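The values are calculated or read from the model by the stated rules, or taken from the named source; none is laboratory data. From a predicted model like this one, the values you see are computed outputs, not experimental measurements. Here the Cβ positions follow ideal geometry from the backbone for every residue, glycine too, while neighbour counts run over all protein chains shown.
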Amino acid sequence: MADGLTIRRAGLDDASTLAKLNQQLLDDENSRFQPGIGALATRLAGWISGQEWSVDMFDNAQGELVGYLVHGRRFNQAAPGGDEMYIRQFVIDRAHRRNGHGRGAIALFLETRCVPGMRVMLDVLETNPAGQAFWSEIGFAPYATIMELTAPRASDIAPSDTSSDQ
């Protein structure tokens, strides 16, 4: 038990509650993905009942839900032994932030769900500098940058003499 927190697997009856926290996460990271609470609950229920993802909930010493984490093991040839843990979502309820629950929840997750030496990966949106700062503060470091472009019409792309062809 880290920071007075406990960890438990989510059940289908938790999907609606977790959807509200998922909406907080989407808002905090300024995500373009905004499907609504009903669709979020349906997606979470699918993860809870499926095989690809596991959903863990964190409760404080008073038994209150403070946050959740969605994760899954996957193969990555660059990982030691080829096995890594991927964190898909992590959120601490706004009402329970700024008191160490985020760090405590991650410590508890690493202790109970990961094998020592296992590579743990996650994505943080560029629109979420607070999330980037949190993950950096607890020891995560950038590994890759995903870049995107909304494809223009070919006629909108002007040739440049100073461009670098890769």
Matching residues, region 116-130, being in a loop (DSSP other than H, G, I, E, B) and under 13 Å from the mean Cα position of the chain (by Cα): Asp123, Val124, Leu125, Asn128
Within region 55-95, residues within 19 Å of Ile7 (Cβ to Cβ), among the charged types (D, E, K, R) and under 15 Å from the mean Cα position of the chain (by Cα) come out as Asp56, Arg73, Arg88, Asp93
Selection from region 128-137 of residues that are surrounded by 12 or more Cβ atoms within 10 Å (Cβ to Cβ) and either farther than 20 Å from Arg73 by Cα or in contact (Cβ under 8 Å) with a residue 24 or more places away in the chain (or both): Asn128, Pro129, Gly131, Gln132, Phe134, Ser136
Using beta carbons and a limit of 7 Å, which pairs, at least six apart or on different chains, have the first residue in region 18-38 and more than 13 Å from Ala130 (Cα to Cα) and the second one buried (at least 18 other Cβ atoms within 10 Å of the Cβ) and among the hydroxyl-bearing types (Ser, Thr, Tyr)? Leu18/Tyr68; Leu21/Tyr68
Given the condition within 13 Å of Asp56 (Cα to Cα) and outside any helix (DSSP H, G or I), answer yes or no: does some residue in region 91-107 qualify? yes
Report, by residue number, each residue of region 89-108 that is among the hydrophobic types (A, V, I, L, M, F, W, C) and over 21 Å from Leu40 (Cβ atoms). Ile106, Ala107, Leu108
Would a scan of region 25-43 turn up a residue that is among the polar types (S, T, N, Q) and in contact with a strand residue (DSSP E or B) (Cβ under 6 Å, 6 or more places away or on another chain)? no
Scan region 50-58 and tell me whether some residue there is touching a Ser or Thr at 6+ places or on another chain (Cβ under 8 Å), surrounded by 13 or more Cβ atoms within 10 Å (Cβ to Cβ) and assigned to a loop (DSSP other than H, G, I, E, B). no
Would you check if Val124 is at pLDDT 90 or above, touching a Gly at 6+ places or on another chain (Cβ under 7 Å) and over 21 Å from Gly4 (Cβ atoms)? yes
In region 131-162, what residues are part of a helix (DSSP H, G or I) and at pLDDT 90 or above? Gly131, Gln132, Ala133, Phe134, Trp135, Ser136, Glu137
So, in region 79-90, how many residues would count as being within 20 Å of Phe58 (Cβ to Cβ) and either assigned to a helix (DSSP H, G or I) or not basic (Lys, Arg) (or both)? 5
